[in-house]
Structure formats: structure tokens, C-alpha cells
Amino acid sequence: MSIEQLESIAQAMVAPGKGIIAIDESNNTIKKRFDAVGVENTEEHRRAYREMLLTTPGLNEHISGAILFDETIRQSTKAGVPFTKVMMDNGILPGIKVDKGPFPLAGFPGEVVTEGLDGLRDRLNEYARLGAKFAKWRAVITIGEDMPSSTCIDANCHALARYAALCQEAGLVPMVEPEVLMDGDHDIDVCYDVTEATLRSLFASLYEHNVMLEGTILKASMVLSGKDCPEQANIDEVAEATIRCLKTTVPAALPGIVFLSGGQSDEQATAHLNAMNQMGPHPWPLSFSYGRAMQQAALKLWAKDMTGNFAAAQKTVAQRAKENGLAALGQWSK
Ligand code: 13P
């Protein structure tokens, strides 16, 4: 695969007014989501739920790609059509989560490092054969007392860079995701400093590992007040701080930046993205790669009556896609 091909996939992921739906919850994470709405975590329920999401009528109007989990990329609709075929027929790029999740970082209590590099080359080649066009790896940075350490930031960014180089070798666009968690009572300035340090380390590592930025997408967390901080920054303050932080750390050669929602409400996630785009133009398209902020309304409805509410749940997915698509253009209003 040439750099031009990687570049055109990356550009399609952030096409104007389009973003990504993240449905790559591991079986442990989807269990938490299902438990909250009283759905038993069976393989068939996971398949049926993802079928509902992926067959949403009109999904491709505002969604360019979907990130799948290992189990999901091998699954099919009830009628037997592989999910990847349903997606490609609809112009939705299949993506795949390839990390193995965060594990405690030895020597640094409370901090984690994402694992999954061993055997990654073979797994990426298999995912490419299964139809994946891009991949995702999530690193988790926790803010707390004396945290994060620079060791934790650098270990995670080193792994992200090794993953990204392997993706490009396999012909997949790497989505690099260093998530600075919103848990904690820190203020927005602390989040700014940690996000800045993380992105500096990330782009230094990508450079050292010969990763082609033109064929890479950044999945970023927004610069926010900690969830338990008594003083919450407003929408414009978050948008302004996030843009300022990205501009000082992210090279303009990058084809695009998408955001995770990270526990924000649906409306907050949309409003923040919209405000950032209203402050444009920026060096890169800014769009979304939301998991919870795309799915939570649909999951609640579907859980109440999987068959009876199938179409109604899909309507909420289409609605969330439309609102976030408008926010990616700075054209959303409440
Ligand atoms: P949230 O939008 O729910 O944070 O999920 C996005 C994601 O893919 C995290 O890795």
C-alpha cells in the first residue's frame, strides 16, 4: 500500500461533515454497558446490538467509518451478510481496535500502560485480509497526585508509535489515541498541561519511528475540567483550550483529528465539537469518534425491547450522527 492510498483513507475518515462511530468495546467493557441496561452479555446479544447500529438507515450520510472489536469484525447480520460487507457496501470504512487494553505499569502504582505489541504484525495482516482499513490503539493517561509520570507518558507514546509504524506497514491507517482521563478534581489548566506533555511525547515518538503523519489520524481527548472539579470550564473555554493545546503540539501535516467523548453527555460532546469548529479555520479537520456519545440513547431503547424498538433505536443513532456531523462543520444548534 502506498502512502497516497493511506492518505486517501485518512482523508475519507475525516471527510467534511462526517465522523466515526466507535463500537469497539471489548467483551468486558460491553458487559458494563449491558449491565447498566439489564441486557445479558451473550455473543448473540453483542452481535444483534452491533447489527442494529451498523444497519442504521442513512448512517453513511454523517459516518465515514466504524471501529470494531475482534469478535465483531468476524460477525455477520442475522441474514448472514458479514458486517464488513454491509459497511463497505454503504461506504463506511471498517476499523479495528488492536490494543489489548491497559495494564498496571510496574513501578508506578496507579498508572497504566497499554499492551498488545507482541504478535501485532500478524494480527494486523489478518485484519487487513478481513477488510479493515484503519486501526485504533488507546493509551490511558491518568491525572492524580504526582501523576502522570513522564515515564508513563513516554512508555505509552513509544507503544503508540510502534503500533502506528506496524499499521502503515500492513496498509492500515493508524488512529493513535492517547486519552487523558477526565476523572479527578483537577482544573482545566492541569488537563491542558498533561495533554500538552502527552501530545509532545506522542509526536516525538511518531517522528522517531518513521511514522508518516499524512497517513495517520489522531484521536484526542478534549481539554476539560476534571469531573469532580468544583469549577467547571464552560463550552467556549473548553473549545479554546483544546484548540490552543492542539495547535502548539500537532503538526499541520496530519490529515485530521477526531475526539473521543470520554464520559461527556451527548449534548456536551456535540456542543464542544461545534464550538471548536466555529472558532476555525484550523490546520486540520476536527471531527468525532464517539462511543458513548453516539450510542447511549440507542442502547437504552434497544435494551427495553430488542425487536420492537429496533427501528426507534436506529433513529436515535441517525440523529446523533446528524448532530455530530453538523458539529464537525460548526453548524449545529441546540
Ligand atoms: P467514548 O467516546 O465513549 O469515550 O469512546 C471512544 C473510544 O473509542 C475510546 O477508546
(request) Could you check, for segment 126-143, whether at least one of its residues is open to solvent by 20 Å² or more (accessible area, probe 1.4 Å), under 30 Å from Gly58 (Cα atoms), away from the ligand (no atom under 16 Å from the Cβ) and among the basic types (Lys, Arg)? (result) yes
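Quick grid of which residues meet (1) farther than 22 Å from Cys167 by Cβ; (2) modelled with pLDDT under 95; (3) open to solvent by 50 Å² or more (accessible area, probe 1.4 Å); (4) within 16 Å of the ligand (Cβ to nearest atom):
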site	(1), (2), (3), (4)
Val14	no, no, no, yes
Met52	yes, no, no, no
Ile63	no, no, no, yes
Arg74	no, no, yes, no
Lys100	no, no, yes, yes
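Condition check ((1) open to solvent by 10 Å² or more (accessible area, probe 1.4 Å); (2) part of a helix (DSSP H, G or I)) across all residues:
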{"site": "Val176", "(1), (2)": "no, no"}
{"site": "Asp183", "(1), (2)": "yes, no"}
{"site": "His186", "(1), (2)": "yes, no"}
{"site": "Asp189", "(1), (2)": "yes, yes"}
{"site": "Tyr192", "(1), (2)": "yes, yes"}
{"site": "Leu202", "(1), (2)": "no, yes"}
{"site": "Ser205", "(1), (2)": "yes, yes"}
{"site": "Leu218", "(1), (2)": "no, no"}
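Look through segment 220-255, keep the residues that are within 16 Å of the ligand (Cβ to nearest atom) and buried (at least 19 other Cβ atoms within 10 Å of the Cβ), and return whichever of them is farthest from Leu286 (Cα to Cα). Before you say what the answer is, go through the steps one by one.
We begin by selecting, within segment 220-255, every residue within 16 Å of the ligand (Cβ to nearest atom); these are 220-224, 226-227, 238, 242.
Next cut, buried (at least 19 other Cβ atoms within 10 Å of the Cβ) only: 220-224, 226, 238, 242.
Values: Ala220: 10, Ser221: 12, Met222: 11, Val223: 14, Leu224: 17, Gly226: 22, Val238: 14, Thr242: 11 Å.
Taking the candidates together, the pick is Gly226.
It is to be established whether one or more residues within segment 260-267 are within 16 Å of the ligand (Cβ to nearest atom), under 26 Å from Ile9 (Cα atoms), of a type in the set (Asp, Glu) and open to solvent by 30 Å² or more (accessible area, probe 1.4 Å).
Taking segment 260-267 and keeping what is within 16 Å of the ligand (Cβ to nearest atom), we get 260-267.
When the remaining residues are screened for being under 26 Å from Ile9 (Cα atoms), the result is 260-262.
Within this subset, residues satisfying the condition of being of a type in the set (Asp, Glu) are none.
No, that holds for no residue.
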(message) Where the second residue is open to solvent by 50 Å² or more (accessible area, probe 1.4 Å) and the first is within 13 Å of the ligand (Cβ to nearest atom) and lies in segment 273-301, which pairs have Cβ atoms under 7 Å and are six or more apart or on separate chains?
(response) Ser287/Lys18; Leu299/Arg33
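The values are calculated or read from the model by the stated rules, or taken from the named source; none is laboratory data. Source: prediction; values computed, not measured. Note: ideal-geometry Cβ built from the backbone for every residue, glycine included; neighbour counts use all protein chains shown. All accessible areas refer to the heavy atoms of the entire protein, side chains included, with ligands and DNA or RNA removed. Shrake-Rupley method; radii C 1.70, N 1.55, O 1.52, S 1.80 Å.
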